[in-house]
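The values are calculated or read from the model by the stated rules, or taken from the named source; none is laboratory data. Quick caveat: nothing in here was measured; it's all calculated off a predicted structure. Please note: Cβ atoms are built from the backbone with ideal geometry, for glycine as well, and neighbour counts cover all protein chains shown.
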Amino acid sequence: MIDIAVCDDEKNIRAYIGNLIQKQGTECRITEYASADEYLAAGVEYDLLFLDIEMKSGKDEEKNGMWLAGQLRSMELARQPVIIFVTGYEKYVYDAFDVGAFQYLLKPIDEEKFSQIFARAVRQIAAREKQEAADRQVLIVPQGSEKRAIPFDDIYYLESQSHKIILALKAERLEYYAKIGELEKQLGGQFYRIHKGYLINLSRVEVYNRSEVTMANGDRLPISKYKYDDFRKAYMEYITEG
């Protein structure tokens with residue numbers, strides 16, 4: 001579900017953009033605002049914002065779409081919106097990118113161009129959400145009497161030796177007692193067990209062939225001939241979803 005705001009002082013333009021969004025077939029919630037003041041007063045954060053540059057807030061001509069974008073970029077929001085400016089004048093285009101705009105649409109809006117830009121924005125939002133989810137995922141590792149949270153993305157691979165796990169990280173290697181089978185279940189879709197002794201992070205794969213996988217840190221790990229086809233399928237699914 002994508003939260004979308006349409007901010008334009010012309011009611012018919014808001015309705016038109018809303019209809020174009022619905023035609024894209026993406027599951028979303030659409031909220032309309034007639035001014036910068038109205039948007040800010042709502043205090044709601046959005047994934048995507050369609051913003052009219054020439055929009056006015058009452059008699060205050062300075063509070064246009066560019067002003068609102070600047071206000072949003074200066075705020076410490078949990079979720080900064082992807083901004084697509086809507087404008088009748090190309091002269092504003094360069095200013096739009098100064099406030100981190102994703103793209104702009106010229107009025108009258110070309111529906112094919114709208115679809116292309118909307119699809120790109122949705123992909124960017126999905127990629128951002130995936131990265132945020134990855135950042136929240138951690139592996140809890142016992143270290144003496146304490147426990148350490150290791151972000152998934154810091155892990156290249158896990159190696160099983162006897163009853164120990166060797167954790168290959170970006171800057172170090174950690175050892176602790178654990179079972180690789182249990183870790184395989186715990187770590188889920190971002191990791192794949194290419195061999196009875198190796199569980200690798202799919203996001204850290206550099207190259208591979210039928211006999212080995214080279215990780216981004218240069219380590220070359222053996223891949224079981226019985227695992228190759230399933231590994232290749234899992235890897236392609238992972239990078240395609242990204």
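Some notes on this structure:
- Selection within region 96-107 - over 25 Å from the mean Cα position of the chain (by Cα) and either of a type in the set (A, V, I, L, M, F, W, C) or modelled with pLDDT under 85 (or both): 106
- Unique residue being among the hydroxyl-bearing types (Ser, Thr, Tyr) and in contact with a helix residue (DSSP H, G or I) (Cβ under 8 Å, 6 or more places away or on another chain) when the list is 177, 192, 228: 192
- Extreme residue, surrounded by the most Cβ atoms within 10 Å (Cβ to Cβ), among residues of region 77-90 that are more than 18 Å from the chain's Cα centre (by Cα) and modelled with pLDDT under 90: 87
- The one condition in (1) outside any helix (DSSP H, G or I); (2) polar (S, T, N, Q); (3) under 29 Å from the mean Cα position of the chain (by Cα) that residue 224 fails to fulfil: (3)
- Residues that are touching a residue at least 24 places away in the same chain (Cβ under 8 Å) and part of a loop (DSSP other than H, G, I, E, B), drawn from region 166-177: 170
- Residues within region 122-157 that are at pLDDT 85 or above and part of a helix (DSSP H, G or I), tallied: 10
- Considering each residue of region 158-165 in turn, none proves to be among the aliphatic types (A, V, I, L, M) and either in a loop (DSSP other than H, G, I, E, B) or modelled with pLDDT under 95 (or both).
- Candidates 61, 90: the one that is free of Cβ contacts under 8 Å to residues at least 24 places away in the same chain and in contact with a strand residue (DSSP E or B) (Cβ under 7 Å, 6 or more places away or on another chain) is 90.
Per-residue answers, yes or no, for (1) outside the structural domain of residue 202 (by TED's automatic domain parsing); (2) surrounded by fewer than 13 Cβ atoms within 10 Å (Cβ to Cβ); (3) within 21 Å of residue 223 (Cβ to Cβ):
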{"position": "144", "(1), (2), (3)": "no, yes, no"}
{"position": "148", "(1), (2), (3)": "no, no, no"}
{"position": "153", "(1), (2), (3)": "no, no, no"}
{"position": "162", "(1), (2), (3)": "no, yes, no"}
{"position": "167", "(1), (2), (3)": "no, no, yes"}
{"position": "172", "(1), (2), (3)": "no, yes, no"}
{"position": "178", "(1), (2), (3)": "no, no, no"}
{"position": "187", "(1), (2), (3)": "no, no, yes"}
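- Residue within region 117-139 that is more than 30 Å from residue 5 (Cα to Cα) and either without any contact (Cβ under 8 Å) to a residue 60 or more places away in the chain or not small (Gly, Ala, Ser) (or both) present: yes
- Identity of the residue in region 226-242, loosely packed, with under 14 Cβ neighbours inside 10 Å and hydroxyl-bearing (Ser, Thr, Tyr), that ends up nearest to residue 128 (Cα to Cα): 240
- Checking residue 98 against (1) surrounded by fewer than 16 Cβ atoms within 10 Å (Cβ to Cβ); (2) in contact with a Ser or Thr (Cβ under 8 Å, 6 or more places away or on another chain), the condition it does not meet: (2)
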